[in-house]
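For reference, the structure discussed in these notes is given below.
Read the figures in this text as sums done on the coordinates, not as results from a lab. What you are looking at is a predicted structure, and each value in this text was computed from that prediction instead of being measured. Neighbour counts are summed over all protein chains in view; Cβ atoms, including those assigned to glycine, are modelled from backbone coordinates with ideal geometry.
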Amino acid sequence: MISGKRDRFVTGSRRRRQSAETEMVESAVRGWHRVYGEYPFIFRVVPALFSLVLLVPSYAAAAESEDVAALRRMLGELKAENRKLSGRLSALEGASATRRVKPAPARQRPASAATAAAAAPTVAAPTVIVAPPVAPPVLPEPDLSEAAAKRPLNARIRELEIGWAAQENATRQIIGDSLSKTGPKINSFLSLSGVIEGLASRTDSFTGPAHENLSLGTAELDFDIKMSDWLTGALVLHFDKGTGAIFPTGNQPVVPTNIAGIGVDRFTLDRTHVLVGDLMQFPIAARFGVEVLHFGTSTGVARLDTLSIGTPLTTEVFENRQTAGGLEFAWPTPPRQPPPAPVVVPRVSPLVIAPAVSQLARWLGYTPLPERPFRPTPVTFPFDPPPFYGSVMTYRGSDSIIPGRTKIDDYNASLGFRTRGHCGVPYDQLTNSLICPWTFDFHVDYDTSVFESRFLHSSYLPFLNQIGRIPGVAASVKASFGPFAVVGEVNAAIQDARFIDGLGIARNMMPMTWQASIAYQFDWNPWITEIGAQGNFISVGYSGSQDMAGVSILQNGIPTRIGFVPQHRLFLTGGEWVMDGLKVAVEYSANWDYPVSVGGTGKVAHGWFGLIQLNF
């Protein structure tokens with residue numbers, strides 16, 4: 001019996017030893033196959049070289065030793081390169097394994113929101129639509145299986161490097177999105193924005209050769225102040241070269257550069273105001289500041305009113321910037337209600353320049369790294385403002401019009417009506433509509449002295465004491481219908497301005513300007529609130545003037561024409577927001593002068609403009 005146990009023990013031991021030997025052989029074979037799969041060329045090159053060595057004749061022994069030494073060097077370099085690649089592979093695989101996050105066991109997970117809500121007492125609350133959580137970055141995980149191990153080592157390393165770069169890029173995007181939520185805010189009360197424009201142009205002249213120019217069109221810093229809903233303000237600084245007619249520095253004796261046309265670069269206060277009140281909660285608010293008074297579409301910031309690079313004649317002639325104070329009103333006050341549900345607005349994509357540049361970059365060899373897919377952020381649109389609105393502002397006019405003025409007796413008044421609609425159809429069913437949704441804004445304005453405008457005041461300064469106070473009115477409409485936006489405006493004095501010009505000729509003029517423009521938005525969707533503020537757009541604008549052929553004065557004994565604008569002006573504009581905050585636009589313009597019979601030249605001046613604009 002003992003002998004039988006010993007025999008079985010010996011037999012089992014022998015079997016285990018044979019099994020271990022078999023596993024060792026199989027492991028060696030698998031290792032050989034794996035090495036052969038990764039470095040097949042070694043097992044092909046080495047036998048061939050060994051065969052060549054055997055076939056070399058004995059009289060070439062010296063050359064044989066040199067070849068063997070070279071072969072050994074090659075094998076040594078190959079081993080060093082393999083060790084280097086293996087080190088890189090181990091580092092990448094270790095980093096990838098570290099980044100993996102394992103789900104917590106079920107017993108460690110917190111209770112679900114539904115369970116917590118069921119356990120909590122029921123409390124009535126308004127319905128709030130919450131945006132879905134942002135998905136984590138979807139990145140390819142490295143394949144560490146045995147099949148992947150048989151692929152070339154360089155391919156595996158390249159895959160891991162791409163995944164690592166994509167992970168780093170996604171991390172940067174997440175951090176950037178977190179920081180961008182603060183927007184332009186400097187602190188809890190102050191926000192900063194602005195614009196920088198570069199302008200290239202070639203324009204004809206009514207009396208001389210064409211001019212080419214490359215200039216800084218606009219450089220502006222806008223500070224928005226919000227202490228509370230009831231107290232807000234703004235401060236706008238504007239870059240000025242000091243050579244204009246409004247704030248010249250080149251002709252002042254105290255300035256060292258007193259040569260004509262040379263000025264001093266500086267930032268000046270362009271506009272500012274303080275508003276006390278909230279027209280969405282109360283119908284009346286008080287306002288004070290240095291601003292452009294309401295008169296037509298003139299706001300002093302042409303880029304906010306029209307899509308053209310040039311300025312319409314209505315704004316050029318009647319823009320009136322004053323230090324004024326008064327009251328604003330809006331009625332009826334909207335009822336207090338929960339905010340509207342947030343909406344995911346489709347993104348408008350550029351169609352021409354940005355895709356062309358991207359394709360050219362790829363053709364030149366640029367391959368962008370994988371980016372984390374982000375879901376669009378839902379947007380909560382503001383409440384509709386009160387339909388009726390207006391203002392009454394008072395200011396102290398120029399002493400050039402009324403010498404020795406001691407009272408604040410000029411004022412500006414405005415009254416408007418605005419509304420909007422969507423034809424009773426949900427917005428997601430209006431993607432192909434050419435009419436809906438629509439907006440409409442009409443207002444009329446009155447000013448006691450139109451010659452207080454920047455152009456009329458500077459151009460007719462020698463005659464203002466003869467002209468005196470000339471009142472004027474303006475009527476304008478802004479509307480949008482689907483992808484179209486239209487603007488119409490008429491500004492005019494309502495009394496004759498009589499004076500004697502520099503040549504002793506009696507003049508009788510009643511300045512008037514008008515404009516009409518239409519714009520079209522490409523890749524439009526119903527949620528766009530401002531045509532031309534994104535994507536691609538085109539615009540056509542036509543403006544005109546009356547009684548603005550100018551007058552003559554004597555300069556150094558030579559009659560000189562002043563105070564004139566073109567009789568007609570045409571703008572054809574196309575633009576694209578190539579990326580967020582960057583606009584590129586081109587424009588053709590044509591200006592028709594007044595006929596010779598009324599003091600003009602009867603000529604047509606053409607112009608070409610190119611604009612690059614940074615908004616921040």
The range 315-357: C-alpha pair distances exceeding 12 Å, %
83
Mind ranking 226-239, 515-528 by how tightly packed they are, going by the mean number of other C-beta atoms within 10 angstrom, highest first?
515-528, 226-239
Diffusion coefficient in µm²/s returned for the range 312-395 by Stokes-Einstein, Kirkwood Rh over C-alpha pairs, 20 °C and 1.002 mPa s, is 110
Please work out the FRET efficiency for the pair Leu351 and Asp384, using the Cβ-Cβ distance as r and a Förster radius of 25 Å; give the result to the nearest 0.05.
0.20
If you project the alpha carbons of the range 188-233 onto their three principal axes, what span does each projection cover, largest first, in Å?
55, 18, 8
Got a sec? How would Tyr446, Tyr594 order by Cβ neighbour count within 10 Å, fewest to most?
Tyr446, Tyr594
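Sort 193-206, 334-347, 447-460 by the packing proxy (mean of other Cβ within 10 Å over each peptide's residues), most packed first.
447-460, 193-206, 334-347
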With only alpha-carbon atoms in the gyration tensor, what are the semi-axes of the equivalent ellipsoid for the range 550-612, in Å, largest first?
35, 14, 8
Could you tell me how many cubic angstrom of Cα convex hull volume the range 425-494 has per residue?
95
What does the C-alpha gyration tensor say about the overall shape of the range 325-460? Classify as rounded when a/c is under 1.5, otherwise prolate if a/b is larger than b/c, or oblate.
oblate
Output the Kirkwood hydrodynamic radius of the range 384-453, Cα pairs only, in Å rounded to one decimal.
15.6
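Looking at the range 481-570 from every direction and averaging, what is the projected area of its Cα convex hull in nm²?
Projected area, direction-averaged: 8.3 nm².
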Go through 348-358, 316-326, 390-400 and give me the packing order, highest mean Cβ count within 10 Å leading.
316-326, 390-400, 348-358
